[in-house]
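Student: I'd like to ask some things about the structure below.
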Amino acid sequence: MFYTHNESELIALGAKLGRLLKAGDVLILSGDLGAGKTTFTKGLAKGLAIEQMIKSPTYTIVREYQGRLPLFHLDVYRIGNDPDSIDLDDFLYGDGVTVIEWGELLDQSLFSDVVTIELRIVPEGRQLTLRAQGARAQQLCEDIKHA
């Protein structure tokens with residue numbers, strides 16, 4: 001569990017994790033509206049050496065950015081329980097990092113190796129809880145604790 005007190009700390013934590021990411025890594029970001037999912041993704045992008053401005057993919061479903069690795073930033077809130085409306089395989093099994101906002105709405109059997117990060121608004125800022133499913137995800141969670 002991690003705590004951040006402001007936007008700068010949330011971005012810094014994301015950058016720390018971003019530096020650890022490898023091709024094929026999948027992250028699910030969950031949390032209420034305004035919890036900081038896109039802000040955290042801005043940090044991930046920094047850690048991936050992405051120079052472009054990160055925007056919420058709410059209305060476009062997917063945004064792609066180029067850096068040390070490609071970053072596929074998805075928001076699946078609008079597709080609900082219809083994952084067939086986009087070809088998730090292109091992102092989940094590609095050569096980049098995939099970040100899925102509202103990914104908890106998808107069938108979890110789609111993911112064999114994924115880190116789920118729950119962002120919660122708390123009085124002192126944000127609380128982030130990481131859960132790993134799969135060997136690579138477990139290693140990533142251990143690495144971020146020691147980074």
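Student: Antiparallel versus total DSSP beta bridges in the chain: what percent is that, nearest 5? Walk me through the numbers before you get to the answer.
Tutor: Working: 16 of 29 bridges.
Among the beta bridges of the chain, antiparallel pairing accounts for roughly 55 percent.
Student: Quick check: at a probe of 1.4 Å, how many percent of the accessible area of the chain sits on carbon and sulfur atoms? Please report the intermediate quantities before stating the final value.
Tutor: Values: 3640 of 7410 Å².
Taking all protein chains in place, the chain shows 49 percent carbon and sulfur surface.
Student: Compute the accessible area per residue over the chain, keeping the other protein chains in place, probe 1.4 Å, unit Å².
Tutor: On a per-residue basis, 50 Å².
Student: Based only on Cα atoms, what mean projected area does the convex hull of the chain have, in nm²? Numbers along the way, then the final one.
Tutor: Values: hull surface 31.0 nm².
Taking the Cα atoms of the chain, their convex hull projects to 7.7 nm² on average.
Student: Could you pull the Cα extents of the range 89-147 along its three principal axes, largest to smallest, in whole Å?
Tutor: 38, 27, 19
Student: Among the lysines in the range 1-59, how many pairs, 8 or more places apart or on different chains, have alpha carbons under 13 Å apart? Working shown, then result.
Tutor: On the way: LYS16/LYS42; LYS16/LYS46; LYS37/LYS55; LYS42/LYS55.
For the range 1-59, qualifying lysine pairs total 4.
Student: Within a Cβ distance under 13 Å of ARG126, other residues only, what is the Lys/Arg minus Asp/Glu net charge?
Tutor: -3
The values are calculated or read from the model by the stated rules, or taken from the named source; none is laboratory data. These numbers come from a predicted model, not from an experiment. Methodologically, a virtual Cβ is constructed for each residue, glycine included, from the backbone with ideal geometry; neighbour enumeration extends over all protein chains shown. Remember, those area values only see protein heavy atoms, side chains included, never the ligands or the DNA or RNA. Shrake-Rupley method; radii C 1.70, N 1.55, O 1.52, S 1.80 Å.
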